[in-house]
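Chemist: Encoded as structure tokens, here's the structure I'll be asking about.
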Amino acid sequence: MRTACSLPLVLAALLFGGAAAIAAERPNVVLILTDDQGYGDLACLGNPVLKTPHLDQLYADSVRLTDFHVNPFCTPSRAALMTGRSASRTGAFRTSSGRTMLHPDETTMAELFRDNGYATGIFGKWHLGDAYPHRPQDRGFTSSLWHHCGGLTQISDYWGNDYFDDHYEQNGQYQKFTGYCTDVWFDNALMFIEQHARREEPFFCYLPTNAPHGPFLVAERYAAPYRDQPEAANAEFLGMIANIDENIGKLRQRLQDLGVAENTLLIYMTDNGTSAGVKVADNPDGWPQVGFNAGMRGKKGSMYDGGHRVPCFVHWPKGKLAHGTDVSPLTAHYDWLPTLMDLCDLKGRKGPALDGRSLAPLLRGTNETWGPRTMIRQYQGGVFFRFAPEPWRESLVMTKRWRLLNGRELYDIANDPGQRRDIAPQYPEVVERLRKSYLAWWQEVEPRLAKPVRLHAGNQAENPLRLTAQDWRLAPFGNPPTSQHAVRKLSGVEGPWMLELERAGTYVITLRQFPLEAPQPIQARQTWLRIAGYEVARPLPQDATNARFRATLPAGPAELETAFVDRDGKRTSAYFAEILFIEAAQD
């Protein structure tokens, strides 16, 4: 018997079969980003105290970027990594004060992988927004397990978390997990990897650990080897890295067991210089007095190299990379997006122009001309956000040889890696050339620094919208209370939330001093609220845990201002709020 087969069916089979074959060839990607681990916080990079055998082996097996730079602190590094652009362009250039979220026109790495058929998962610290439309699930991740804010125990983290047996948000709902935070991230990442590996689906797994960020909490068995060692600046900090190392070993073994190690592109990097691996004079800009920093000056928060030069290495056996070699040209976090677009054949990116360059020629050792480049960083507002962003202040212009700080200090990094000799007077022509590069950059980024990024109410993706003081937009500078400890002290600070009301209609706004999961009586006698032309003040009942307002509001941008007033007249804004959309306005 002859079986009929139509030409369209044959073409469809060839088309979809070819697409499946292409998908099978594309590499999986595991991107590990640790928090506050500096260049010197690895045994393979010279640390004389710390033991990191699994990371040492990964280092030996990998291409190593030896002059790789990020920003000197958390959120900006994550913004640049996710977008391929300078953090000062993205809207996410601080760690709080409403400046941790990306402008809507930015495209993230996760969105690009998702749109190219990858399963996308995040496991750990996001720090690019806690509420819609800035959560990881809003920004391209189809699976998400994460903690809010910039660290555990901070204001928007689940109340009472302490690194062990905590609550984290998983795919939009809080769940309680058993175990140490880093173990939870890795264990759940491995389940995600196994699920998609068994289906032969390409995956992008983003593993940004919150460790070894403070508070420095870890099981004693990890910290104990580093106690009473004079060269160990902080035993718990080193123990947290030892735990990460152990999880790296488990991850690599599981990739092998699943048969996907050969075609998995594994990247290891960190988000800024060390926070506790050294003790320095003139914090954060001095030279180490205790601990190891690979000869560099500065630590987390510093514009000297110790604040932003970090480890980065990549392993991909099937990709025929130049494994076991060092890559010395100047490279950066924002190079990874264009690199992955190249190596994973990611198409269709939309959005503003990239600042990064594809590292593929360097990783493959093809000896293509890389050429000179100039990179610019700026710690907008400085440590503790004590001033508004302005030209030159806390700025850095980098080339392979030179570092220009604040527009006036010049260091020859090739001959003075410890940045001990300011030679600006001897090289005025270099200073002038680098200053011109900075001024052109500043003209481009300044308008986007001033433009607020808004949280959106009235969208069913998060209704009610949950707000915390983390996202008050203080102007022109300043930090809101960002820790649970500061909330308990009832710090007398006021700040507004910058909103976009997506629909005109009736909203219920609930104000709190303490979070929904840990209600306590409000320490005030009166409450006040103003938003979009609606303003009301009223007394608070004794022992009230919240103040609730019902208002009919127009669609569009709005500023939500709040206050609790105690018997002495002291005011503080509501640390927590929910905005529930009830019904649309009648035409």
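Chemist: What number comes out for accessible area per residue over the chain if the probe is 1.4 Å? Units Å², please.
Modeler: Per-residue value: 39 Å².
Chemist: Once you have the Kirkwood Rh of region 28-364 from its Cα pairs, apply Stokes-Einstein at 37 °C and 0.692 mPa s and quote D in µm²/s.
Modeler: It comes out at roughly 167 µm²/s.
Chemist: Over region 215-295, what is the relative contact order in whole percent, taking alpha-carbon pairs under 8 Å and six or more residues apart?
Modeler: The value is 28 percent.
Chemist: For an R0 of 56 angstrom, estimate the FRET efficiency from the Cβ-Cβ distance between Ser491 and Asp342 and round to the nearest 0.05.
Modeler: Given R0 = 56 Å and the Cβ-Cβ separation, E is 0.75.
Chemist: Which residues make up the longest stretch of the chain clear of GluC sites (Glu not before Pro) that lie in a DSSP loop with no more than 11 other Cβ atoms within 10 Å, not counting the sites?
Modeler: Formally, the longest exposed-site-free interval is 1-199.
Chemist: Whole number please: convex hull volume per residue, Cα atoms of the chain, in Å³.
Modeler: Residue-normalised Cα hull volume stands at 196 Å³.
Chemist: Just to be sure I understand the curve: with the Debye formula and one point per C-alpha of region 455-582, what is log10 I(q)/I(0) at q = 0.13, 0.14 Å⁻¹?
Modeler: -0.49, -0.57
Chemist: Sticking with this one: Based on the Cβ-Cβ distance from Arg530 to Asp115, what FRET efficiency comes out when R0 is 35 Å, to the nearest 0.05?
Modeler: Calculated value: 0.30.
Chemist: What aspartates and glutamates could a cross-link reach from Lys350, if we take a straight Cα to Cα line under 16 Å and drop same-chain neighbours fewer than 8 places away?
Modeler: Once the sequence-local aspartates and glutamates are set aside, what remains near Lys350 is Asp105, Glu106, Glu111, Asp115, Asp342.
Chemist: In the structure displayed, which of Lys300/Lys320; Lys51/Lys299; Lys451/Lys570; Lys125/Lys489; Lys125/Lys436; Lys51/Lys125 lie more than 28 Å apart, Cα to Cα?
Modeler: From Lys300/Lys320; Lys51/Lys299; Lys451/Lys570; Lys125/Lys489; Lys125/Lys436; Lys51/Lys125, over 28 Å: Lys300/Lys320; Lys451/Lys570; Lys125/Lys436.
Chemist: Starting from the 7 Å offset along Cα-to-Cβ, what nm value, one decimal, do you get for the label separation of Lys320 and Met191?
Modeler: Result for the modelled spin labels: 3.9 nm.
Chemist: Starting from the alpha-carbon convex hull of region 130-258, give the projected area averaged over all orientations, in nm².
Modeler: 8.9
Chemist: In the chain, which helices (entire DSSP H runs) extend 24 Å or more along their own long axis, judged by Cα positions, while averaging at least -0.5 on the Kyte-Doolittle scale?
Modeler: What comes out of the filter, once short or polar helices are dropped, is 7-25, 181-198, 235-257.
Chemist: Taking R0 as 41 Å, what FRET efficiency do you get between Arg401 and Glu25 from their Cβ-Cβ distance, rounded to the nearest 0.05?
Modeler: The pair Arg401/Glu25 has a calculated efficiency of 0.55.
Chemist: Tell me the Rg and the Dmax, in Å, that the Cα atoms of region 378-450 produce.
Modeler: 13.0, 38
Chemist: How far, in nm, would the chain grow between Phe164 and Lys176 when pulled straight, counting 0.36 nm per residue and subtracting the alpha carbon separation?
Modeler: 3.3 nm
Chemist: Find the relative contact order for the chain and round it to a whole percent, using C-alpha pairs within less than 8 Å whose residues are 6+ positions apart.
Modeler: The value is 17 percent.
Chemist: Related question: Antiparallel as a % of all DSSP beta bridges within the chain, to the nearest 5?
Modeler: 70
Chemist: Which one of Asn272, Pro48, Asn234 is farthest out on the positive end of the charge dipole of the chain, using unit charges on Cβ (Lys, Arg +1; Asp, Glu -1) and the Cα centre as origin?
Modeler: It is Asn272.
Chemist: Any chance you could list the semi-axes, whole Å, largest first, of the equivalent ellipsoid that the Cα gyration tensor gives for region 520-587, using √(5λ)?
Modeler: 25, 13, 10
Chemist: Still on this structure, please answer the following. Once label points are set 7 Å from the Cα along Cα→Cβ at both Leu516 and Ala388, what is their separation, rounded to one decimal in nm?
Modeler: Rounded to a tenth, the inter-label distance reads 3.5 nm.
Chemist: In percent, how large is the relative contact order of region 347-486, given Cα pairs closer than 8 Å and 6 or more residues apart?
Modeler: The value is 17 percent.
Chemist: What's the carbon and sulfur percent of region 51-199's accessible surface, probe 1.4 angstrom, rounded to a whole number?
Modeler: Carbon plus sulfur share of accessible area: 44 percent.
The values are calculated or read from the model by the stated rules, or taken from the named source; none is laboratory data. This one's a predicted model, so the numbers in the text were calculated from it and none came from an experiment. Neighbour counts are summed over all protein chains in view; Cβ atoms, including those assigned to glycine, are modelled from backbone coordinates with ideal geometry. Just so you know, the surface numbers come from the protein's heavy atoms only, side chains and all, with ligands and any DNA or RNA stripped out. Shrake-Rupley method; radii C 1.70, N 1.55, O 1.52, S 1.80 Å.
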